[in-house]
1. On the principal axes of its Cα set, how long, how wide and how thick is the stretch 73-204? Give whole Å, largest value first.
2. Sort 180, 232, 87 by accessible area with a 1.4 Å probe, largest first.
3. Run the reach check for residue 40 against lysines, Cα to Cα strictly under 20 Å, same-chain hits fewer than 8 apart removed. What comes back?
4. Size of the dipole of the chain about the Cα centre, Lys and Arg at +1 and Asp and Glu at -1 on the beta carbon, nothing else charged, in debye to 20?
5. Using a cut-off of 12 Å between beta-carbons, work out the net charge of the residues near residue 62 (Lys and Arg +1, Asp and Glu -1, residue 62 not included).
6. So with the 1.4 Å probe, I'd like the accessible area per residue for the chain, rounded to whole Å².
7. Using a cut-off of 20 Å between alpha-carbon atoms, which lysines can reach residue 149, once sequence neighbours fewer than 8 places away in the same chain are excluded?
8. I need the per residue convex hull volume for the stretch 82-124, using only the alpha carbons, in cubic angstrom as a whole number.
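The values are calculated or read from the model by the stated rules, or taken from the named source; none is laboratory data. Since the structure is predicted, the reported quantities are computational estimates derived from the model, not experimental observations. Here the Cβ positions follow ideal geometry from the backbone for every residue, glycine too, while neighbour counts run over all protein chains shown. Note: accessible area is taken over every heavy atom of the protein model, side chains too, but ligands, DNA and RNA are not part of it. Shrake-Rupley method; radii C 1.70, N 1.55, O 1.52, S 1.80 Å.
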Amino acid sequence: MPLMSRRHLIIAATGIAAAAASSRTAFAQAAAQAPSGPFKIDPLTYPTNALEPHIDAKTMEIHHDRHHQAYVTNLNNFAKDNPQIAEKPLTDVLANLGNVPDAIRTGVRNNMGGHANHTMFWQIMGPNGGKADGEVLAAIDRDLGGMEKFQTDFNAAGGRVFGSGWVFVTVTRDGKLAIETRPNQDNPIMDGKRALLGNDVWEHAYYLTYQNRRPDYLKAWWNTVNWKAVAERYAAAKAGTLGI
C-alpha cells in the first residue's frame, strides 16, 4: 500500500475515534448535568422511531429528552428551596396553585403543567395503537358526534390554538367527554378537570417534519394514538383514580 494511502487511513481512523470519544463525553456530560431531585421523567416505553413516519425519531428524542427533561429539571430546582411542591401529588399542586408561593407560582404552573402534559402525551401514544372501541367509542359517539366528527372538531380546535398550547379531550367522573384547549403548558387539572387524551401543538412537537403545516401534523397524529391506553384512562376517570 502506498505510504500516502496508509497515512490517510491512520488519520481517518484517528478522527473517527476522536469523534466517538467526543460524542460519548457529550452524552456523559448531559447525563451528569441532569440534576437529581424528587421529580423524574419516565423513559419512553417504545423506541423513538416507533411512531414514524407520523412523528420522526429525532423529534421524539428532542421532545422527550430535552424539552420534557427541561420541565423536570426546573421543578427540581424549584424544589431545592421549596420542598413542599414535591410533598403532594402533582394533581393536588396543580389543582391548588394559589397555595404555591408567589415567587415560584408561575414557574411551577408552567413546568409542572408541562411535566403533567407530557407524561400523559407519551402514555397515550404508541405503535399499533388499534382503534377506539367499547366504552370509549360509545362516549365519543354520545358526546362528540362520532369518530369522524370528533377528529375533525379536535383538529380544528388544535389548529385554532394561537402560538403554543394543547388540545385536549376532558373527561368527567361520570364519563362525559368534551374538546377543550389550553394555552402554553396549562393542564385541565388546574380547572378541576381531567384530560383523557391530548395533543401537543407547540412547534417543537412537529416542526422538523411538518414545519408550519400544523393541520397536517394534527391529522397524522391520530395514527400514533394508543387506544388501549386511552381506554385505561377512561376507566380510571370513571373510577376516580385518574392522575395526570
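1. Ordered largest first, the stretch 73-204 gives principal extents of 48, 32, 27 Å.
2. Numbers: 180 35, 232 110, 87 140 Å².
Sorted by accessible area, descending: 87, 232, 180.
3. Excluding near neighbours in sequence, the set is 80, 88.
4. Values: 25 positive and 23 negative charges, 103 e Å.
That gives the chain a dipole magnitude of about 500 debye.
5. Values: positive: 58, 66; negative: 56, 61, 65, 203.
The answer is -2.
6. Details: 12740 Å² over 244 residues.
Value returned for the chain: 52 Å² of accessible area per residue.
7. The qualifying lysines are 131, 176, 219.
8. Working: hull volume 2.8 nm³, N = 43.
Cα convex hull per residue, to the nearest whole number: 65 Å³.
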